[in-house]
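Structure first, then comments.
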Amino acid sequence: MKEAILIVEDEKDIVKMLEYNLKKEGFKTLSAHDGEDALESAGREHPDLIILDLMLPGMDGLEVCKTLKGNRTTASIPIIMLTAKSQESDKVVGLELGADDYVTKPFSPRELIARIKAVLRRIKEKDKLPEVLKIGDLTLDFSRICVAIKGKPIELTAKEFELLKTLINAKGRVLSRDYLLDAIWGFDNAMEIQTRTVDVHIRTLRKKLKSEAERILTVKNYGYRFEYED
Ligand code: CA
């Protein structure tokens, strides 16, 4: 699946330039022109990374950063800030608020793309699941693609396993049906009938997970979340 980058910037020329360059590098792009729009889009679309300009109309970039990092569904999305030379102190505040990196304007697309790749690589390293994971009565062996409950193997289809793995990988974040559909089935802009595929698979997955079924929580009208804690 293509990694999605959300560009938050009110200057349309910069958005266009970034969209062009990111697409050329094989990324999918989304854009938001103000803070409110950015929060909405980040919550709904779950981008893999956010490019956040600090100078925005209305809600400023730092406020957007703080809100994203303070919200469970968006906290783990990496952020690269775009700052102006005159905003040296904002840059420090932004990093303290949890932004992952910054690029000072004017910048070359090549420089920004290198930073994006570095941040994504770092996140992937950090998020890498161990080969065998134990959560409550559940044991997942990612190298052998098998799952057991209280030591007893259970049979999952490839899609069910992918679904479980994706939910676990989200580390407690809520994943929307659309996101899951795109990540596991490769459907972009899914129709209602397709989003139901996710629900059907969740249902069979829960049935198979027996005593650990409640770990998959439904977030009404949105999607699902995996609960780590007992
Ligand atoms: Ca701006």
In region 17-76, how many are in contact (Cβ under 8 Å) with a residue 40 or more places away in the chain, within 24 Å of Val219 (Cβ to Cβ) and of a type in the set (A, V, I, L, M, F, W, C)?
-> 4
Checking Pro57, Pro78 in turn, the sole residue that is within 16 Å of the ligand (Cβ to nearest atom) and assigned by TED's automatic domain parsing to the domain that holds Ser108 turns out to be Pro57
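Go through region 11-32 residue by residue and tally those that are within 11 Å of the ligand (Cβ to nearest atom) and either crowded, with 17+ Cβ neighbours inside 10 Å or within 16 Å of Arg115 (Cα to Cα) (or both). It would help to see each step written out before you state the result.
Kept after step one, since they are within 11 Å of the ligand (Cβ to nearest atom), are these residues of region 11-32: 11-15.
The next check asks that each one be either crowded, with 17+ Cβ neighbours inside 10 Å or within 16 Å of Arg115 (Cα to Cα) (or both); those that pass are 14-15.
Selection size over region 11-32: 2.
Return yes or no: is Glu96 closer than 23 Å to Lys126 by Cβ, open to solvent by 20 Å² or more (accessible area, probe 1.4 Å) and not small (Gly, Ala, Ser)? Please lay out each step first, then the result.
On the way: closer than 23 Å to Lys126 by Cβ: yes; open to solvent by 20 Å² or more (accessible area, probe 1.4 Å): yes; not small (Gly, Ala, Ser): yes.
When the stated conditions are applied, Glu96 passes them.
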Test: residue in region 38-48 that is over 18 Å from the mean Cα position of the chain (by Cα) and within 16 Å of the ligand (Cβ to nearest atom) | no
Determine if region 57-73 includes at least one residue that is open to solvent by less than 30 Å² (accessible area, probe 1.4 Å) and over 21 Å from the mean Cα position of the chain (by Cα).
-> no
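Of the residues Ser211, Ser176, only one is in contact (Cβ under 8 Å) with a residue 60 or more places away in the chain, among the hydroxyl-bearing types (Ser, Thr, Tyr) and closer than 22 Å to Ile77 by Cβ; which?
Working: Ser211 fails: closer than 22 Å to Ile77 by Cβ.
One residue alone meets the criteria, Ser176.
The values are calculated or read from the model by the stated rules, or taken from the named source; none is laboratory data. The structure displayed is predicted, hence computed values, not measured ones. Please note: Cβ atoms are built from the backbone with ideal geometry, for glycine as well, and neighbour counts cover all protein chains shown. Just the protein is used for accessible areas: all its heavy atoms, side chains included, with ligands, DNA and RNA removed. Shrake-Rupley method; radii C 1.70, N 1.55, O 1.52, S 1.80 Å.
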